[in-house]
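The values are calculated or read from the model by the stated rules, or taken from the named source; none is laboratory data. As the structure is a prediction and not an experimental result, all values here were calculated from the model. Here Cβ is always computed from backbone atoms with ideal geometry, including for glycine, and neighbour counts include all displayed protein chains. The area values use the complete protein model at the heavy-atom level, side chains included, leaving out ligands, DNA and RNA. Shrake-Rupley method; radii C 1.70, N 1.55, O 1.52, S 1.80 Å.
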Amino acid sequence: MKMKKIYLLLALAAGLVTSCDMDKEPYDSIPDDEALQSVNDFEQNRNSLYSGLRSAIYGETYAAVEVQCDAFNAVIGFSNSLGEVYRWTKTNQESICDGVYANFQGLTARANFIIDGYNKLDMSGFSNEDVQTIRNIKGEAFFTRAYSLFMLAQYFCKDYEDETADDANSGVSYRLDYVPSSEPSTYPARYTLRQTYEQIIEDMDSAALYVNDVTEEASYGYITQNAITALRARVALAMDDYQTAINNATALIAKNDVYWLDGTTGDFRQLWQQDAGNETIFQLVSTSSSELPPQSGIRYLPMTTDGSSTPDYIPTKGLLDLYSSDDIRRNIYFRHNQSIIIRSTGAVATVSFFNKYQDRSRIYNSIGNQAEDSRFTIEPKVFRIAEMYLIAAEAYAQLNDTENGGRYLNVLKAARIPSFNASTTYPNAQMLMTEIKQERQREMVGEGTRLFDIKRWHDNLTRYEPQQEDVCLMPGSESTTNLTRNADDNGLVWPIPKHETDTNPKVVQNPGY
């Protein structure tokens with residue numbers, strides 16, 4: 001029976017694959033008539049969770065969130081990649097919205113397949129070691145489903161607010177079992193946002209119950225209890241559950257013999273150039289050319305080796321001005337004094353490029369076989385300890401505790417800015433939040449959080465002053481360099497893809513699309 005294209009049930013997105021070592025098969029080959037019967041069956045499907053996570057984050061997924069907001073300008077003559085998102089003209093047929101939705105729904109389906117397989121499996125003849133392996137894989141599936149539902153809520157739902165969380169069709173459409181079907185009557189509608197987050201929390205609890213990997217090692221490449229704790233902190237902050245956010249973020253900060261902030265230029269550079277260091281809580285490992293994550297720097301750096309081409313997007317002057325001259329991030333996240341020529345207009349500029357995802361880093365040199373599709377990529381860093389400091393600081397500020405909020409903020413700032421006075425105090429919570437917002441952008445820029453931060457804070461959006469207006473696309477336009485949007489603008493929430501609403505009539509589209 002040929003199934004209709006519905007992302008909730010099948011992961012048909014390009015790039016989402018099941019992989020075992022060097023072998024790959026399409027995600028739509030998930031068998032709907034075969035049970036998982038052995039440890040090897042579970043391990044092969046486990047590989048697909050990590051392959052899917054590598055495909056679902058970084059790359060265009062993160063870039064779209066960044067260029068939609070305030071910190072980047074499109075350059076004249078750019079490729080128009082993410083152009084509709086940048087200009088705020090995206091529709092329900094926008095390819096990046098389609099891809100993000102498909103990726104995370106596909107990961108949910110794969111996780112369901114593993115969880116269902118575990119529940120149907122008779123393990124009476126398995127060794128204790130095999131049982132523990134399979135239980136751990138089930139835990140990894142619960143984590144993956146929690147993470148995927150959370151990301152779907154971040155992109156395709158409004159910010160979580162207790163007073164609106166019970167609104168009809170405010171959450172995500174999802175299944176908790178793997179039942180491929182071409183019958184529309186079996187497809188679920190959207191849950192409320194409260195129900196969606198309750199499911200995310202339940203899945204995190206289940207992940208903690210089953211995951212037995214408690215390895216405490218920075219940059220460890222598998223889902224661990226610490227990765228679950230980091231997700232709990234991020235989810236709690238999104239829900240305005242500030243005490244829970246504090247409890248989880250500070251629990252990881254307290255593991256200062258495992259994770260610590262790299263306070264020197266050399267150490268911090270290793271994080272982004274060599275996928276090394278002590279800051280990463282969960283990092284998706286790429287050990288072969290078959291495991292390449294998306295290229296995250298491809299829109300921000302010139303494609304030609306001699307620099308004769310121009311990138312699609314350059315950072316705004318306003319973003320660059322956030323960094324002091326001795327901030328170690330200034331010369332790691334950016335490449336300064338770059339000459340570009342706009343061939344169509346003759347405009348010449350010396351500008352800074354965004355360089356967090358550098359050209360020819362470790363993956364390109366070690367496993368990419370000099371392939372072009374490995375030039376602008378690094379191992380995806382799902383959770384970093386720096387984010388935990390920011391979560392703790394913000395949650396304390398929201399609870400009006402400026403002493404503790406300022407303390408966690410100052411530790412991060414002191415690690416990044418040698419001249420920073422770590423004894424700085426903040427007179428009130430509003431001033432502390434202002435500095436936290438700026439520090440969060442300084443630290444997390446390019447990591448796909450900016451849109452969600454603005455939504456969470458209910459801030460109006462104004463695109464920053466450009467570095468040089470005459471090299472920017474449509475300078476002075478209200479949809480480009482002079483873009484402003486109110487905090488309640490419908491465009492802050494992405495549209496449900498047309499493929500989904502056409503196939504599943506129960507799914508209600510977001511307002512404005």
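Calculated accessible area for the chain comes out at 38 Å² per residue, all protein chains present (probe 1.4 Å; ligands, DNA, RNA ignored). Please report the projected area of the stretch 63-159's Cα convex hull averaged over all directions, in nm². Taking a quarter of the hull surface, the average projection is 8.9 nm².
The orientation-averaged projected area of the convex hull spanned by the Cα atoms of the stretch 275-389 comes to 8.5 nm². Relative to the dominant Cα principal axis of the chain, helix 39-56 is inclined by about 30°. The simple spin-label model puts a point 7 Å past each Cα toward its Cβ; for M123 and N428 those points are separated by 5.6 nm.
If the segment from S79 to D177 were pulled out straight at 0.36 nm per residue, it would be longer than the present Cα-Cα gap by 31.2 nm.
Too long at a 31 Å Cα-Cα cut-off: which of K120/K255; K90/K120; K317/K498; K317/K381?
K120/K255; K90/K120; K317/K498
The simple spin-label model puts a point 7 Å past each Cα toward its Cβ; for D326 and S366 those points are separated by 3.3 nm. The modelled label-to-label distance between N400 and E465, using points 7 Å beyond Cα along the C-beta direction, is 3.7 nm.
Taking the 1.4 Å solvent-accessible surface of the stretch 314-375 as the whole, the part contributed by carbon and sulfur is 45%. Volume of the convex hull of the stretch 217-350 (Cα atoms only), normalised per residue: 178 Å³. Taking the chain as the reference, fit the longest principal axis to its C-alpha atoms, fit the long axis of helix 242-253 to the helix C-alpha atoms, and give the angle between the two in degrees, 0 to 90, nearest 10. The angle comes out at about 90 degrees.
For mean projected area of the Cα convex hull in nm², the value computed from the atomic coordinates appears in the list (1) 23.5; (2) 28.7; (3) 22.0 under label (1).
Once the C-beta distance of S308 and K498 is scaled by a Förster radius of 51 Å, the resulting FRET efficiency is 0.85 to the nearest 0.05. The angle between the Cα long axis of helix 95-120 and the longest principal axis of the Cα atoms of the chain comes to about 30 degrees, rounded to the nearest 10.
Which trypsin sites (Lys or Arg not before Pro) in the stretch 295-346 pass both tests, a DSSP loop state and at most 12 other beta-carbon atoms within 10 Å? Walk me through the numbers on the way to the answer.
On the way: sites: R299, K317, R329, R330, R335, R343; in loops: R299, R329, R330, R343.
Qualifying residues, ordered by number: R343.
Put simply, the amide H of F383, placed in the peptide plane, has neighbours under 5 Å in I281, F282, leaving out anything fewer than 5 places away on its chain. Once the Cβ-Cβ distance of S479 and R343 is raised to the sixth power relative to R0 = 22 Å, the FRET efficiency obtained is 0.40. Here the Karplus curve 6.51 cos²θ - 1.76 cosθ + 1.60, taken at θ = phi - 60°, turns the phi angles of the stretch 338-350 into couplings of 9, 8, 10, 10, 8, 4, 6, 10, x, 5, 10, 8, 10 Hz, with x standing for Gly and Pro. Mind giving me the FRET efficiency for Q195 and S290? R0 is 51 Å, r the Cβ-Cβ distance, nearest 0.05 is fine. So the FRET efficiency works out to roughly 0.85. Report summary: the helix-based calculation at 222 nm, which adds -39500 (n - 2.57) for every DSSP H run with n ≥ 4 and divides by the residues of the chain, gives -13000 deg cm²/dmol.
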